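Engineer: Sharing a structure, written as structure tokens. Questions coming.
The values are calculated or read from the model by the stated rules, or taken from the named source; none is laboratory data. This one's a predicted model, so the numbers in the text were calculated from it and none came from an experiment. Note: ideal-geometry Cβ built from the backbone for every residue, glycine included; neighbour counts use all protein chains shown. For accessibility, only protein heavy atoms count, side chains too; no ligands or nucleic acids. Shrake-Rupley method; radii C 1.70, N 1.55, O 1.52, S 1.80 Å.
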Amino acid sequence: MPYNTFRIDVKAKYFVEINSTDDLRLLISTDEFKSNKRFILGGGSNLLLTKDFDGIVIRLAIKGIKVCEEGDDVYVEAGAAEVWNDFVQYNVNKGYAGLENLSLIPGTVGASPIQNIGAYGVEIKDHFFSLEAFEIETAEIKKFNKEQCEFGYRESVFKNKFKGQYIITSVVFKLSKTPNLKLHYGAIQEELKKRNILNPSIKDVATVVSEIRVSKLPDPSTIGNSGSFFKNPIIDKATFERVLNNFPDVVNYPAGEGNVKLAAGWLIEQCGWKGKQIGNVGTWKNQALVIVNHGNASGKEIYDFSELIITSVFERFGVSLEREVNTL
Ligand code: EPU
């Protein structure tokens with residue numbers, strides 16, 4: 001239960017904590033490792049556990065933050081188990097700009113590249129430099145640069161063709177002492193205006209983003225959730241025109257190559273799901289894209305609830321929602 005932010009109570013056959021790459025080498029030489037299914041656990045903040053896991057759960061505990069190179073650009077490396085927000089605030093306090101819009105996202109540094117986490121107009125790919133990952137097959141550490149990670153919207157090579165093959169051990173970000181602030185999100189502008197901040201510092205941006213998140217999103221330490229449960233769907237132009245024809249208010253953003261991204265939170269709210277609760281499960285009252293565990297929900301209850309949402313959005317808009325969380 002303490003290892004997943006939905007706070008679902010399930011068990012694993014084996015659980016092991018890893019503090020170094022030597023620990024990893026030792027682990028992969030064991031019979032338990034060779035003969036069992038494995039799951040790599042980060043902060044457990046993007047995870048829906050629907051049943052006991054008949055295999056080995058590997059929890060990474062490799063920590064540490066190190067400045068590798070410091071000029072106007074600063075290359076900062078962090079161990080996979082560093083808490084994401086602690087790492088962001090470390091950089092904000094040092095005056096290293098780039099990650100401030102990503103304040104308060106739950107999870108760990110090592111998990112951040114897997115789904116290319118993003119918020120308020122910034123994704124980690126914008127400041128990612130490289131990562132090191134342990135290749136299970138060969139027991140070697142491999143280095144990946146940005147191109148090799150094939151980042152997309154909440155996507156990377158580690159969710160796709162290399163799924164289950166690597167364990168990310170550390171990540172290097174390229175930050176800058178000359179901020180290039182991304183303030184185009186309406187919510188950020190409104191908050192800065194409210195506080196009469198005309199020339200925001202990176203600390204101001206981090207503070208404002210944190211407050212917006214706190215006001216909109218449930219705190220996983222008090223109510224189980226995993227942030228956005230679904231991705232914002234990307235649809236082609238013809239599908240968009242059909243939706244727009246019937247629903248002229250649909251919230252949408254250009255998504256390149258003529259495609260359009262729709263706000264899933266809006267679609268879900270339009271179907272009457274915002275703040276709705278069935279048993280122990282519901283959507284968050286201020287953000288319909290977030291599913292919350294109001295009590296002792298099982299992963300299956302949450303999954304079934306998400307199916308109902310997918311069905312009603314499809315029936316109304318003809319658009320398929322895809323889960324953002326990993327289901328196990
Ligand atoms: N909206 C509604 N009803 C709702 C929720 C949203 O109408 O219940 C509308 C809002 O009014 C707004 C639009 O949908 O016009 C977008 O909402 P919001 O700005 O809250 O962002 P989002 O698209 O719902 C995405 C990310 C979040 C990230 C925010 C801010 C995804 C799947 N989610 O949410 O990321 O914090 O943008 O940048 O892309 C996460 O991935 O876990 C996550 C929290």
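Engineer: Quick one: accessible area per residue over segment 1-150, 1.4 Å probe, rounded to a whole number of Å²? Could you put the intermediate results ahead of the total?
Structural biologist: Values: 6850 Å² over 150 residues.
Per-residue value: 46 Å².
Engineer: Next question, about the same structure. Test of the criteria: in segment 271-310, which trypsin sites (Lys or Arg not before Pro) are in a DSSP loop and have at most 10 other Cβ atoms within 10 angstrom of their Cβ?
Structural biologist: On the way: sites: LYS274, LYS276, LYS285, LYS300; in loops: LYS274, LYS276, LYS285.
Counting only loop positions with at most 10 other Cβ atoms within 10 Å, none of the trypsin sites (Lys or Arg not before Pro) in segment 271-310 qualifies.
Engineer: Give me the log10 of I(q) over I(0) for segment 12-60 at q = 0.16, 0.29, 0.30 Å⁻¹, as the Debye formula computes it from C-alpha points; what are the numbers?
Structural biologist: Values returned for q = 0.16, 0.29, 0.30 Å⁻¹ are -0.45, -1.19, -1.23.
Engineer: To the nearest 0.05, what FRET efficiency results for VAL83 and SER320 with a Förster distance of 51 Å applied to their C-beta separation? Let's see the in-between values first.
Structural biologist: Details: r = 33 Å, r/R0 = 0.66.
Computed FRET efficiency for VAL83 and SER320 comes out at 0.95.
Engineer: Same structure again: What GluC sites (Glu not before Pro) in segment 71-140 are in a loop by DSSP, with at most 16 other Cβ atoms within 10 Å of the Cβ?
Structural biologist: Working: sites: GLU77, GLU82, GLU100, GLU123, GLU132, GLU135, GLU137, GLU140; in loops: GLU82, GLU137.
Taking segment 71-140 and a limit of 16 other Cβ atoms within 10 Å, the loop GluC sites (Glu not before Pro) found are GLU137.
Engineer: If one computes the Cα centroid of segment 247-308 and of segment 123-142, what distance in Å separates the two points?
Structural biologist: Comparing the Cα centres of segment 247-308 and segment 123-142, I get a distance of 32 Å.
Engineer: While we're here: So how far apart, in nm, are the two label points at ASP72 and GLU17 if each is 7 Å from Cα heading toward Cβ?
Structural biologist: Here the answer is 4.4 nm between the modelled labels.
Engineer: Treat each spin label as a single point 7 Å out from the Cα along the C-beta direction, and report the THR222 to LYS37 distance in nm.
Structural biologist: In this crude label model, THR222 to LYS37 measures out at 3.6 nm.
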